[in-house]
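This report refers to the structure that appears directly beneath it.
Derivation of every value follows stated rules applied to the coordinates shown; laboratory data play no part. Values in this document were obtained by computation on a predicted structure and should not be read as measured data. Methodologically, a virtual Cβ is constructed for each residue, glycine included, from the backbone with ideal geometry; neighbour enumeration extends over all protein chains shown.
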Amino acid sequence: MPVPERIGILGGTFDPPHAGHAAAARAALGALRLDRLLLVVAHDPWQKSPLRDISPAEDRLAMTEALAEEIPGAEASAMEIRRGGPSYSVDSAEEVIRESGDAGLPAPQLYLVVGADLVPGLPTWHRVEDLKRLVTLAVVSRPAVGPHPDPPPGWQVEWVDGPQVDVSSSGVREALTLGESVQDLVPTGVVRCIRRRNLYAVGR
């Protein structure tokens, strides 16, 4: 019988992907001994889309593919884009498990990789009780959060202490629209993709 895969799910808007995403991905792959890390691009990030304009999904997927090329073991996933509608982590976890079953493989050991800043909001997530049963929560430390936050009850939790990279997508977008360099904030391949697609008013 094949050994169950260890698969990480790192979901996000990736608008754009930045050095913090890359650091979290590398830290999770190493600390959790993952066979694969899926960088799952949200189709409609329902907790963000009412608050601001979101870049087109195909652009965010292209940038995430550029990020994955720089991280061995990571791969960009369009599963939430293909599903359409609001993007929920529980649906993605169920899809990964279903794909393993369809391939005749045992159910994988799933890790949901999140930044520590997201931990307080976990109770608001869609079908959160189902999600708890499907995944181990892998919490990556973030510089702005400080001490480890206490997860809500019922989660299996692994802590991942990654490099302290203090960068946000909103900060990167602002720098790009101002014409400032983001070379230290965004992986090289992602910068090339942004310029090639003329995103965030770069080159306009």
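Overview of values
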item: Angle between the chain longest axis and helix 188-197 axis [Cα atoms, degrees, rounded to 10]; result: 60
item: Cα centroid of the range 1-56 to Cα centroid of the range 87-124, whole Å; result: 11
item: For V40, residues with placed amide H under 5 Å, excluding near neighbours; result: L10, G11, G12, S77
item: Counted charge near S100, where neighbours are those whose Cβ lies closer than 13 Å (Asp, Glu -1; Lys, Arg +1); result: -3
item: Computed over the range 6-197: relative contact order in percent, which uses C-alpha pairs under 8 Å that are six or more apart; result: 28
item: Protection proxy ranking, peptides 170-183, 5-18, 52-65, average beta carbon neighbours within 10 Å, highest first; result: 5-18, 52-65, 170-183
item: Magnitude of the charge dipole, the range 1-47, Cβ model with Lys/Arg +1 and Asp/Glu -1, debye to 20; result: 240
item: The chain - mean residue ellipticity at 222 nm from DSSP helices (-39,500 (n - 2.57) per run, n ≥ 4, rounded to 500); result: -10000 deg cm²/dmol
item: Residues whose placed amide H lies under 5 Å from that of W155, excluding near-sequence neighbours; result: none
item: Under 5 Å, built H, 5+ apart or other chain: amide partners of V140; result: V114, G115, A116, V160
item: Nearest-ten-degree value, helix 57-68 long axis tilted from longest Cα axis of the chain; result: 80
item: From phi via Karplus (6.51, -1.76, 1.60), per-residue ³J(HN,Hα) for the range 22-39 in Hz, x at Gly/Pro; result: 4, 5, 5, 5, 5, 5, 5, 4, x, 5, 9, 6, 6, 6, 8, 10, 8, 8
